[in-house]
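Computed from the coordinates by the stated procedures, all read-outs in this text should not be read as laboratory data. In this text, all values refer to a predicted model and were calculated from it rather than measured experimentally. Please note: Cβ atoms are built from the backbone with ideal geometry, for glycine as well, and neighbour counts cover all protein chains shown.
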Amino acid sequence: MTTIPVLELKSVSKNFVGVSALKDVSLRVNEGEVLCLLGDNGAGKSTLIKVLSGVHQPTTGDLFVNGERHSFAGPHEALQVGIATVHQTGGTVPLMSVGRNFFLGEEPTKGRGIFRHFDRKLAEQVALEELRSLGITNVNDGSALVGGMSGGERQALSIARAMYFGAKVLILDEPTAALGVKEASKVLHLVARAQMRGVAVVFVTHNVHHALAVGDHFAVLIRGTMADEWSKGERTREQVLDLMAGGEAMGDLEDELREIRTSGSLVSRKVGEKYVK
Ligand SMILES: Nc1ncnc2c1ncn2[C@@H]1O[C@H](COP(=O)(O)OP(=O)(O)O)[C@@H](O)[C@H]1O
Ligand SMILES: [Mg+2]
């Protein structure tokens, strides 16, 4: 039996005026799988995410959710079918509390008619419970402002929120890029937990080590084209690092640097001195 991917792109291209950001890209992600999308700056990763999350419509090609063709008019339509995107900053509002942020746009209320109001206590309680269920135990005050939380905790809050509201696909755009080692590992734990709950995760990063730690499948974008694709265990760390560093281009660079180092007149020159032969 072949599994139907939760989310699939077939031959998607996206052109902006004068720029071809994605060229004939196909990819799929299944329930409970982590697809890592790797690529250098400008490779087209964010554009691809925006196509998956309904921000951009493909110029050509198709998008399928659970085997059905979809065309999203905007991110709300993607969200309606369970595709949630967490952007690098976590998409949280610093001057609002943990509870408020968790329910932003979906506020629980109590009372009727003109007495209807935001149920702050419930919101704060649920937010903390959900964070705890994902292993985030050092946030203990649901009324605390998100501005005082670390980058990793903000990511956690956004991820917990997406899962609480029923995300089937969780798209994370460079969630570990701005984080230190410890914080990044917390986010990687969250990815694993989401996966254990059957969520399909699209994890965008240019950190090979983070990708290899959590990924089941890997795809590399180079200048808008899918340059390579493989399943866990099919490439060594060195092969992936080499591919990401631009392989041949780095080889050329090493040759050039070697030439500079072996040229005596350059080596003896001090910083700030004019080069005189
Ligand atoms: N809205 C846009 N209009 C025009 N060009 C864009 C737009 N968004 C992205 N691009 C271009 O598409 C290419 C890929 O960008 P992007 O998807 O942001 O790459 P990445 O996220 O991998 O760094 C870049 O050349 C970028 O300048
Ligand atoms: Mg980007």
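Stretch residue 256-residue 76 to full length: gain in nm at 0.36 nm per residue minus the Cα-Cα span? Don't jump to the answer; show the numbers that get you there.
Numbers: separation 180, 0.36 × 180 = 64.80 nm, distance 5.03 nm.
Computed gain between residue 256 and residue 76 is 59.8 nm.
Where in the chain lies the longest segment free of GluC sites (Glu not before Pro) that are both loop residues by DSSP (not H, G, I, E, B) and have at most 14 other Cβ atoms within 10 Å?
On the way: sites that count: 106, 234, 273.
The answer is 107-233.
If r is the Cβ-Cβ distance from residue 241 to residue 11 and R0 is 22 Å, what FRET efficiency results, to the nearest 0.05? FRET efficiency, residue 241 to residue 11: 0.15.
Computed over the chain with a Gaussian network model linking Cα atoms closer than 10 Å, the most mobile of 232, 186, 45 is 232. Relative contact order for region 7-268 using alpha-carbon pairs under 8 Å, separation at least 6, rounded to a whole percent? RCO, region 7-268: 26 percent.
Using the beta-carbon distance between residue 196 and residue 20 and R0 = 41 Å, what value does 1/(1 + (r/R0)^6) give for FRET efficiency, to the nearest 0.05? The calculated FRET efficiency here is 0.60. Placing R0 at 41 angstrom, the Cβ-Cβ distance between residue 93 and residue 263 gives a FRET efficiency of 0.15 after rounding to 0.05. Of all DSSP-defined beta bridges confined to the chain, some 55% are antiparallel rather than parallel.
Computed over the Cα atoms, what is the radius of gyration of region 7-268 divided by 2.2 N^0.38 Å, N being its residue count?
Details: Rg = 21.1 Å, N = 262, 2.2 N^0.38 = 18.3 Å.
Relative to the 2.2 N^0.38 Å estimate, region 7-268 comes out at 1.16.
The Cα center of region 33-104 and the Cα center of region 145-193 differ in position by 14 Å. The charge dipole of region 7-268, taken about its Cα centre with unit charges on the Cβ atoms of Lys, Arg (+1), Asp and Glu (-1) only, comes to about 1120 debye. GNM remark for the chain: springs join alpha carbons under 10 Å apart, and the peak mean-square fluctuation among 233, 224, 91 falls on 233.
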